[in-house]
Amino acid sequence: MLRRAGPSLRHFLLERKSGAGYSSYSGEAKMSRPVQARRLEGIDKNIWVELVKLAATYSTVNLGQGFPDFPPPDFLTEAAVRALSGENHALHQYTRAFGHPPLVKVLAQFFGKLLERELDPMTNVMVTVGAYQALFCCFQAFVDEGDEVIIIEPFFDCYEPMVKMAGGLPVFVPLRPKAPKDGKLMSSADWQLDPAELASKFTEQTKAIVLNSPNNPLGKVFSRGELELIADLCVKHDVLCISDEVYEWLVYDGKEHVRIASLRGMWDRTVIIGSAGKTFSVTGWKVGWTVGPNRLLQHIRTVHQNSVYHCATVAQEAVAQGFQRELELYGKPESYFIQLSKELQKKRDWLVQSLDAVGMKPIVPEGTYFLVADISQFKSDVPDVPDSDEPYDSRFVKWMVKNKGLATIPLSSFYCRAHKNNYNHFIRFCFAKEDATLKAANDILQKWKQEKTSP
Ligand code: PMP
């Protein structure tokens, strides 16, 4: 029998407990060294955490955070039930780290069709924990200390801290609103990039640009011309494009969602990011993906295998079946993608009309399930605090949820700190809601308007 040399484990533990041999050791000793990694400096605050809590505490109607309050399609929940309780008990175990084979296969077929190119499920597609993790993997995989990353404002707020965590420098370029034609409501298409300003942001240090079309929060769907402008600059300066297309199916009025990866010179330098949460109205499932050339995806796989490694198998199986159905029904009226955007367009139109009627001027979105509205006419009801650091729209939103029970999101939360006051009289509504929820919001606003106008 083998005998271990030296003291036994029991002896070691007893000694440790009594403190023998550890002159300065005390069970009570507090750490005095700074524990926070430097990369977290300045990114610890997150307005969503605060707003979601306020909405949970005070709201009777929540049009804030972006998620549907209607159920997902039956074919998807049935697929999930089959995956959970069916005969294939292997679905309760790990699957392939870079994506459950049935899901990557169908995603490769689907996106291959959309992009008109042959995709290899194993190398051109990778599954992630929602689009959020896909974004995180991209920044970690491509951004080095000091690299510049261009972000178009207003932007989905996690881009900035994610770039900073990777050691990069976010460089912001705004979409600037143009006055609409007389008597017309403003459209998200009226928010445009200034081509010269955009070009001026590309430098020797620029590594990537983040594109989000359709855009959260404005609902802007970038036109082919606008995308060509971005693409030409990417090619000219040899820059990557991280293309967040999570709302790709939510486009209205027959608008076309153009994939920047399909433009000349762009496939090789673009990572497309998608989300089953938005695609199938299951935000809680947290299934996302990246699609792109292997020369880019190989590095995303490296980040994934050294962080998350693996995503929930059952959810991937159900999403795979959902995509299989959509592949078969592609372009047909029964397709969920077509039905969902039709339904949401009706809700958008209803909310546009409701907000316009009370004087919260809506910016009509071309896509997504968000709508931004101008609160200027309601400002007199919500006290301003001169010299406050907090943007006005943020105080407005907090006041409204506490006093009126209606939760929304301030537009300033989609701007970097330096630009938060540039457009601080707008709020964002989410209209992926049951008609009853939208009507309840309308009732609150109508009542408020009446109180304002009655002597
Ligand atoms: N990108 C954008 C533009 C989003 O709006 C969201 C979700 N709100 C995400 C990415 C994250 O998507 P997921 O829930 O799939 O992580």
Q: Look at residue 361 and say whether it is away from the ligand (no atom under 15 Å from the Cβ) and either touching a Pro at 6+ places or on another chain (Cβ under 7 Å) or open to solvent by 10 Å² or more (accessible area, probe 1.4 Å) (or both).
A: yes
(Q) Please count how many residues of segment 249-273 are open to solvent by less than 40 Å² (accessible area, probe 1.4 Å), touching a Ser or Thr at 6+ places or on another chain (Cβ under 8 Å) and of a type outside the set (A, V, I, L, M). (A) 4
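A quick yes/no check of all residues on (1) within 16 Å of the ligand (Cβ to nearest atom); (2) in contact (Cβ under 8 Å) with a residue 60 or more places away in the chain:
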| site | (1), (2) |
| --- | --- |
| 86 | no, no |
| 96 | no, no |
| 129 | yes, yes |
| 142 | no, yes |
| 153 | yes, yes |
| 157 | yes, yes |
Q | Residue under evaluation residue 208, criteria (1) under 23 Å from residue 110 (Cα atoms); (2) more than 15 Å from the ligand (Cβ to nearest atom); (3) of a type in the set (Gly, Ala, Ser); (4) open to solvent by less than 10 Å² (accessible area, probe 1.4 Å), criterion not met | A | (1)
Q: List every residue pair whose Cβ atoms sit under 8 Å apart, with the two residues 6 or more apart in sequence or on different chains, where the first one lies in segment 262-289 and is at pLDDT below 95 and the second, anywhere, is within 12 Å of the ligand (Cβ to nearest atom) and open to solvent by less than 40 Å² (accessible area, probe 1.4 Å).
A: none
Q: Quick one: which residue in 319, 308 is within 20 Å of residue 432 (Cβ to Cβ) and in contact with a Ser or Thr (Cβ under 9 Å, 6 or more places away or on another chain)?
A: 319
Q: Could you figure out which of (1) within 25 Å of the chain's Cα centre (by Cα); (2) in the same structural domain as residue 302 (by the TED database) isn't true of residue 64?
A: (2)
Q: Tell me the helices (runs of 4 or more DSSP H) entirely within segment 70-143 that contain at least 3 residues that are under 30 Å from residue 262 (Cα atoms).
A: 101-115, 130-142
Q: Starting from segment 179-201, keep only residues that are free of Cβ contacts under 8 Å to residues at least 12 places away in the same chain, then list their pairs with residues that are assigned to a loop (DSSP other than H, G, I, E, B) whose Cβ atoms are within a distance under 7 Å, requiring at least 6 positions of separation or different chains.
A: 180/186
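Table: residues versus (1) within 30 Å of residue 93 (Cα to Cα); (2) within 16 Å of the ligand (Cβ to nearest atom).
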{"residue": "249", "(1), (2)": "no, yes"}
{"residue": "267", "(1), (2)": "no, no"}
{"residue": "280", "(1), (2)": "yes, yes"}
{"residue": "294", "(1), (2)": "yes, no"}
{"residue": "306", "(1), (2)": "yes, no"}
{"residue": "333", "(1), (2)": "no, no"}
Q. When residue 244 is evaluated against the numbered criteria (1) within 11 Å of the ligand (Cβ to nearest atom); (2) on the phi > 0 side of the Ramachandran plot, which criterion, by number, is the only one it fails?
A. (2)
(Q) Yes or no: segment 259-280 includes at least one residue that is out of contact with any strand residue (DSSP E or B) (no Cβ under 6 Å at 6 or more places or on another chain) and within 20 Å of residue 157 (Cβ to Cβ). (A) yes
Q. Quick check: is even one residue across segment 227-241 at pLDDT 95 or above, within 16 Å of the ligand (Cβ to nearest atom) and within 20 Å of the chain's Cα centre (by Cα)?
A. yes
Q | Every residue from segment 125-141 that is touching a strand residue (DSSP E or B) at 6+ places or on another chain (Cβ under 6 Å) and not hydroxyl-bearing (Ser, Thr, Tyr) | A | 125, 126, 127, 130, 131, 134, 138
**Q.** Residues (closer than 29 Å to residue 301 by Cβ and of a type in the set (S, T, N, Q)) located in segment 72-98
**A.** 88, 93, 95
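Okay, residues lined up against (1) part of a helix (DSSP H, G or I); (2) within 23 Å of the chain's Cα centre (by Cα); (3) within 30 Å of residue 86 (Cα to Cα):
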| site | (1), (2), (3) |
| --- | --- |
| 311 | no, yes, yes |
| 322 | yes, yes, yes |
| 330 | no, no, yes |
| 334 | no, no, yes |
| 340 | yes, yes, yes |
Q) Name the residues in segment 308-320 that are open to solvent by 40 Å² or more (accessible area, probe 1.4 Å) and away from the ligand (no atom under 16 Å from the Cβ), would you? A) 309
Q) What residue, among those in segment 390-419 that are surrounded by fewer than 20 Cβ atoms within 10 Å (Cβ to Cβ) and part of a loop (DSSP other than H, G, I, E, B), is modelled with the lowest pLDDT? A) 390
Q) How many of the residues making up segment 159-203 are closer than 22 Å to residue 256 by Cα and either within 16 Å of the ligand (Cβ to nearest atom) or not charged (D, E, K, R) (or both)? A) 12
(Q) Against the definition (open to solvent by 60 Å² or more (accessible area, probe 1.4 Å) and either within 16 Å of the ligand (Cβ to nearest atom) or modelled with pLDDT of 95 or more (or both)), how does residue 147 come out, yes or no? (A) no
Q. If you check residue 244 against the conditions, is it at pLDDT 95 or above and open to solvent by 10 Å² or more (accessible area, probe 1.4 Å)?
A. no
Q. Is there a residue being of a type in the set (D, E, K, R), farther than 17 Å from residue 376 by Cα and touching a residue at least 12 places away in the same chain (Cβ under 8 Å) anywhere in segment 420-431?
A. no
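The values are calculated or read from the model by the stated rules, or taken from the named source; none is laboratory data. Nothing here was measured: the structure is a model prediction, and the numbers come from that model. Heads up, the Cβs are rebuilt from the backbone with ideal geometry, glycines too, and the neighbour counts pull from every protein chain shown. Accessible surface is based on the protein model in full, side chains and every heavy atom, while ligands, DNA and RNA are left aside. Shrake-Rupley method; radii C 1.70, N 1.55, O 1.52, S 1.80 Å.
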